[in-house]
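Remarks on the structure that follows.
Computed from the coordinates by the stated procedures, all read-outs in this text should not be read as laboratory data. This is a predicted model, so every value here is computed, not measured. Ideal geometry is used to build each Cβ from the backbone, glycine not excepted, and the neighbour counts take in all protein chains shown.
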Amino acid sequence: MKTKILIVDDDISILTVLETLLEDKGIEITTAQDGKSALKYLLSGEYSIALLDINVPKMDGLTVLKEAVAAGIETSIVIMTAESTMTNTLEAMKSGAYDYVSKPFDLEEIEILIERALTNLKMKRELSSLKERVKEEQTKETAFIGRSRRIQSIFKDVGRVAPQDVTVLITGESGTGKELLARLIHSNSRRSEGPFIAVNTAAVPANLMESELFGHEKGAFTGAEGRAKGKFELASGGTLFLDEIGDTTLDLQARLLRALQESEFYRVGGREPVRVDVRIVAATNQDLEKAVEEKRFREDLYYRLNVVKMALPPLRERKGDIILLSEFFLEKFADEMGLEKTLSKSARKDMEAYHWPGNIRELENLLRRAVLLSSGVMLGPAELMLPKRRGDKGLSLSDIITERLTEFVEKTPSTGKQELYDTIMPLMERPLISLVLKKTNGNQVHAAELLGINRNTLRKKVKELKIDLSELKNGGLS
């Protein structure tokens, strides 16, 4: 697509010279001789660059510039003037001009300026595209799925709490999505442009956690070869997510309390206080009230963290969201791996009946495994391999056959002659007879006994079903 440039000047000779210069470079030119016409062209959004004289009739160039910038157009506007004053220059640049040139100008200077403006515009568009992609990824990262009443109630709480700079305590079993909820709070807060830093306090050894959170100075301990920032400093201006806060030691809890109260702390080995502006979202799968009673968790820190409490329900208590979440994950895996999968009715029924001790994390991992290992498009109970509870009975042979037949019949048109019986029965007989013959190492007498049919009937079936006996000998099943 051709680059389009708008030239605005009430001097015909200027228009002619610039038009000739730029058309030779394959650029499409539009000219205007007054400000109102210029603004109309600019608001169309079709132009990459505009060369705009500051003194044009009907609307001066600075007013056109301000109106265009206020409308949010991408066009790089270069102001041209014969009155090169400091006031005009400052006003033009403050108002959003890309550059400013004085008349009379050198044509080579105009060429260089236009090349630079086009490069700048290309970079701006690439940056804008990158920001959109990042925004899309962030949206995926904070996609908290659910239509159940309890999840909708949490969404309302997020809407009320996220804009307020208050500490939030998220409780819930492992795998319920506590970090995802923390990210959702961050992305809907005034700090959304700032960093989101997550630290799992249970994953770092207790003797290293202080340095992990608050940083250290050079020489603070063996191996501290320089100053290092901790998570609190890295999160300044944004949100610090403290996961598994219930697992912190009492000593560390005391330091955390001071950091939260004073918004400052000392690095390990440091003498100067470090001030930060950070919002805290903490999470735990423990009963902190019980931990306070048992003196395992500081009461004052608990109340400091528990300004707003959000309790995430386990997946077994939000059954209506299981299939919704499953479809979200299947769509996600299709994007990641290019593998389109769908759930059968039987699989959906089993998933809704399952107790999900590992919650959403277990659901995601189970579906990822099924998508990777299954060969077909349809995921049934056999592909999901849901773990059984103690005392649960496995799927019967009838269940497995019904599952497979259900998928087949569901895809068959409900009207017209389909000959399902003649199609399906050989498909079921052939593998059964083949497996039994393989088990008996091709011995038809023994196979007929196992099948409970006459040997002549077996021979007839072998012939009808075109079973190759040579492939079944010496390969008996154990």
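Divide the volume of the convex hull of the Cα atoms of region 231-298 by its number of residues and quote the answer in cubic angstrom per residue.
On the way: hull volume 5.9 nm³, N = 68.
Per-residue hull volume (Cα only) is 87 Å³.
Distance in nm between label sites at Met59 and Glu299, each 7 Å beyond Cα in the beta-carbon direction?
It is 6.9 nm.
Which of the listed residues, Met59, Thr81, Gly45, is farthest toward the dipole's positive end in region 4-128, when Lys, Arg count +1 and Asp, Glu count -1 at the beta-carbon?
In region 4-128, that residue is Gly45.
At 222 nm, what value in deg cm²/dmol follows for the chain if DSSP H runs of at least 4 each add -39500 (n - 2.57) and the sum is divided by all its residues, to the nearest 500? Provide the component values of the computation, followed by the final result.
Values: 20 runs with 233 residues, N = 478.
Roughly -15000 deg cm²/dmol at 222 nm, from the helical runs in the chain.
Based on the alpha-carbon gyration tensor of region 276-387, what equivalent-ellipsoid semi-axes (square roots of 5 times the eigenvalues) come out, in whole Å, largest first? Please list the in-between numbers first.
Working: eigenvalues 286, 55, 25 Å².
Working from the Cα gyration tensor, I get semi-axes of 38, 17, 11 Å.
Kindly express, to the nearest 10 degrees and within the range 0 to 90, the angle between helix 397-410's C-alpha long axis and the longest C-alpha principal axis of the chain.
So the helix axis and the longest Cα principal axis differ by about 50 degrees.
How far, in degrees from 0 to 90, does helix 359-373 lean away from the longest principal axis of the Cα atoms of the chain, to the nearest 10?
The angle comes out near 70 degrees.
Which percent of Cα-Cα pairs in the chain sits in each 20 Å bin, short to long?
Pair shares across the bins are 17, 28, 28, 21, 6, 0.
Quick one: putting +1 on the C-beta of Lys and Arg, -1 on the C-beta of Asp and Glu, what dipole do you get for the chain around its Cα centre, in Debye to the nearest 20? If you can, show how the numbers build up before the last one.
Values: 70 positive and 74 negative charges, 659 e Å.
Charge dipole of the chain: 3160 debye, to the nearest 20.
How do Phe155, Phe232, Phe329 rank when sorted from fewest to most other Cβ atoms within 10 Å of their own Cβ?
Numbers: Phe155 14, Phe232 25, Phe329 19.
Lowest to highest Cβ neighbour count: Phe155, Phe329, Phe232.
What is the chain's relative contact order, in percent, from Cα pairs under 8 angstrom and six or more apart in sequence? Please list the in-between numbers first.
Details: 672 pairs, mean separation 46.9, N = 478.
Relative contact order here is 10 percent.
Under 5 Å between amide hydrogens, which residues at least 5 positions from Thr31 or on another chain qualify, with H placed 1.01 Å from N in the peptide plane?
Correct list: Ile7.
Using alpha-carbon positions, what is the distance between the centroids of region 46-100 and region 336-354, in Å?
Using only Cα atoms to place each centre, the spacing works out to 59 Å.
If one takes the longest principal axis of the Cα atoms in the chain, at what angle in degrees, from 0 to 90 and to the nearest 10, does the Cα axis of helix 12-23 lie?
30 degrees
Dividing the alpha-carbon Rg of region 1-54 by 2.2 N^0.38 Å yields what? Write out the running numbers ahead of the final one.
Working: Rg = 10.5 Å, N = 54, 2.2 N^0.38 = 10.0 Å.
Its radius of gyration relative to the 2.2 N^0.38 Å reference: 1.04.
So what is Rg over Rh here for region 141-246, counting just Cα atoms and using Kirkwood for Rh? Please report the intermediate quantities before stating the final value.
Details: Rg = 16.2 Å, Rh = 15.4 Å.
Using Cα coordinates only, the ratio equals 1.05.
For each pair in Lys156/Lys295; Lys40/Lys103; Lys94/Lys122; Lys178/Lys229, compute the distance between the two Cα atoms and list the pairs where it is over 32 Å. Intermediate results must be reported in sequence, preceding the final value.
Values: Lys156/Lys295 34 Å; Lys40/Lys103 25 Å; Lys94/Lys122 22 Å; Lys178/Lys229 25 Å.
Pairs exceeding 32 Å: Lys156/Lys295.
What are the GluC sites (Glu not before Pro) within region 215-253 that DSSP puts in a loop, where the Cβ has at most 13 other Cβ atoms within 10 Å?
Sparse-neighbourhood loop GluC sites (Glu not before Pro): Glu225.
Per Stokes-Einstein, at 10 °C and 1.306 mPa s, what whole-number D in µm² s⁻¹ belongs to region 4-128, with the Kirkwood radius over Cα pairs as the hydrodynamic radius? Please report the intermediate quantities before stating the final value.
On the way: Rh = 14.3 Å.
Reported coefficient: 111 µm²/s.
Take the Cα coordinates of region 420-471, assign each an equal point scatterer, and use the Debye formula without solvent to give log10 I(q)/I(0) at q = 0.18, 0.28 Å⁻¹.
Those come out to -0.51, -1.15, one per q.
Over region 285-358, what is the relative contact order in percent, taking alpha-carbon pairs closer than 8 angstrom and at least six residues apart?
Values: 30 pairs, mean separation 19.8, N = 74.
That works out to 27 percent.
Given contacts defined as C-alpha pairs under 8 Å and at least six residues apart, what's the relative contact order of region 4-128, whole-number percent?
Working: 190 pairs, mean separation 27.8, N = 125.
Reported as a whole number, the value is 22 percent.
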